[in-house]
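Some notes on the structure that comes next.
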Amino acid sequence: MNLESPYLSIDMAQETFIHKGDFQLESKEIIKDMQLSFITHGQLNAKKDNVIWVIHALTGDANAQEWWSGIIGEDKFYDPSKYFIICANLLGSCYGSTQPLSENPVTGIPYYYDFPNLTSRDMANALELLRLDLGIHQIHTLIGGSLGGQVGIEWAYVLQEKVRNTIILASNAKTSPWTIGFNETQRMAIAADQTWGQNDPDAGKKGLEAARAIAMLTYRHPENLANNQADDADKTDGYRASSYLRYQGQKLAKRFNALSYWTLTKTMDSHDIGRNRGGAAFALSQIPSRVLAIGVDKDLLFLKEESQFIANHVQKGTYREIKSSYGHDAFLIEYEQLKYILSSFYLEHNDD
Ligand SMILES: CC(=O)SCCNC(=O)CCNC(=O)[C@H](O)C(C)(C)COP(=O)(O)OP(=O)(O)OC[C@H]1O[C@@H](n2cnc3c(N)ncnc32)[C@H](O)[C@@H]1OP(=O)(O)O
Ligand SMILES: N[C@@H](CCO)C(=O)O
């Protein structure tokens, strides 16, 4: 299906890939007729080697041109008049791919709480099936941040020479106990919602609001709230920081569901590129593509040292840093720094 595009010359298409039959997970559980919704911008060239494959973060979707508008789009860093830009909604996420609210083809009813645990490896394997289906032999650049970076580094391991440049932002090779702890507090908030446990698409909605509020504090640095949410000196209640977090909670709960959020945070927890591969350092050393790991100096969730670890252990690693009081979310916001880092990386390697 061709969507309406503001550009006469740029093609944009939204499609759904269906893997007929069994998709086996790392847990050995099966998802039948697994679906991935994906959006492409631009045209695949004759050699099928102009592919920029974007992987979204925790609550993103397949429309990378929308949520990464500062670097993707006409006349932007990744321009669809030159590249074929593709982003698929991750398995388990609620923007068109198979997720807990999807109907289980085996039972004919939604999975709800029976939805299997997914790992970043499962998500990467799902993307690999889509790549094969599209007949893409070579990926120019694979790029993703946070959860998207975790899936990206997993997939780079699987892809081997089939990807030339892997760019991992504000992410890691193995999830730290610190991040698992934050995710657990968010799931506790969801589970404390009285509606959690009901077979209802809105189950856990109020809990999800609280979960997002907690998460927002991990996505930002204290300096960011001090700059943007400071109150008048005489206040004793009704603080701006409070209404900001409440608002952010409500905003997410309107566009996401708690079951999918639960699934994706569990995926983040179990991420470990080194599992059954001799440890993270060894697994990273088996990745042949160039890897640019971008950390954020004030990221309190995925520490910059975790990005440095990736760059230090892959065969061809580069580490660069965004300096920002936005903290973790800087990779979605600090476009000027990002463009500078990306252009220097490609220039350095004489790649376009
Ligand atoms: C279908 C989809 O939408 S999916 C794709 C979209 N999302 C993604 O891809 C996930 C990645 N993106 C994100 O996480 C976010 O969009 C970010 C990090 C890029 C930016 O976050 P934002 O929430 O836009 O920025 P910020 O933290 O500055 O908050 C601004 C919002 O808070 C509101 N706000 C600010 N201060 C306060 C306050 N004290 N009290 C209440 N509300 C406040 C603003 O009015 C604004 O509201 P709006 O979003 O309705 O315009
Ligand atoms: N704020 C982003 C980043 C999470 O890592 C999101 O909601 O997806």
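The values are calculated or read from the model by the stated rules, or taken from the named source; none is laboratory data. Note that the structure is predicted; figures quoted are calculated from it, not measured. No Cβ is skipped: glycine too gets one built from the backbone with ideal geometry, and neighbour counts run over all protein chains shown. With ligands, DNA and RNA removed, areas are computed over all heavy atoms of the protein, side chains included. Shrake-Rupley method; radii C 1.70, N 1.55, O 1.52, S 1.80 Å.
Just give me the residues in the range 132-158 being open to solvent by less than 10 Å² (accessible area, probe 1.4 Å) and either in contact with a Lys or Arg (Cβ under 8 Å, 6 or more places away or on another chain) or of a type in the set (S, T, N, Q) (or both), in sequence order. Spell out how you get there, then give the answer.
Filtering the range 132-158 for residues open to solvent by less than 10 Å² (accessible area, probe 1.4 Å) gives 136, 139-156.
Result: I136, I139, H140, T141, S146, Q150, E154.
On the basis of being closer than 28 Å to S93 by Cα, more than 8 Å from ligand 1 (Cβ to nearest atom) and exposed (fewer than 13 other Cβ atoms within 10 Å of the Cβ), does K254 make the cut? Considered against the rule, which asks whether it is closer than 28 Å to S93 by Cα, more than 8 Å from ligand 1 (Cβ to nearest atom) and exposed (fewer than 13 other Cβ atoms within 10 Å of the Cβ), K254 comes out as yes.
Condition check ((1) crowded, with 18+ Cβ neighbours inside 10 Å; (2) within 16 Å of ligand 1 (Cβ to nearest atom); (3) within 23 Å of E154 (Cα to Cα); (4) touching a residue at least 60 places away in the same chain (Cβ under 8 Å)) across all residues:
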position	(1), (2), (3), (4)
Q286	no, no, yes, yes
S289	yes, no, yes, yes
L300	no, yes, yes, yes
K304	yes, no, yes, no
A311	yes, no, yes, no
R320	yes, no, yes, no
Y326	yes, yes, no, yes
E348	no, no, no, no
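Looking across A226, A191, A230, A215, one residue alone is in contact with a Leu (Cβ under 9 Å, 6 or more places away or on another chain) and either small (G, A, S) or more than 18 Å from T263 (Cα to Cα) (or both). It is A215.
Suppose the filter is over 21 Å from A64 (Cα atoms), touching a residue at least 12 places away in the same chain (Cβ under 8 Å), within 14 Å of ligand 2 (Cβ to nearest atom) and surrounded by fewer than 23 Cβ atoms within 10 Å (Cβ to Cβ); does L332 pass it? If you could, list the steps in order and put the result at the bottom.
Details: over 21 Å from A64 (Cα atoms): no; touching a residue at least 12 places away in the same chain (Cβ under 8 Å): yes; within 14 Å of ligand 2 (Cβ to nearest atom): yes; surrounded by fewer than 23 Cβ atoms within 10 Å (Cβ to Cβ): yes.
Spelling it out, it is not the case that L332 is over 21 Å from A64 (Cα atoms), touching a residue at least 12 places away in the same chain (Cβ under 8 Å), within 14 Å of ligand 2 (Cβ to nearest atom) and surrounded by fewer than 23 Cβ atoms within 10 Å (Cβ to Cβ).
For the structure I just gave you, tell me whether A170 is hydrophobic (A, V, I, L, M, F, W, C) and within 24 Å of W68 (Cβ to Cβ). Against the criterion (hydrophobic (A, V, I, L, M, F, W, C) and within 24 Å of W68 (Cβ to Cβ)), A170 qualifies.
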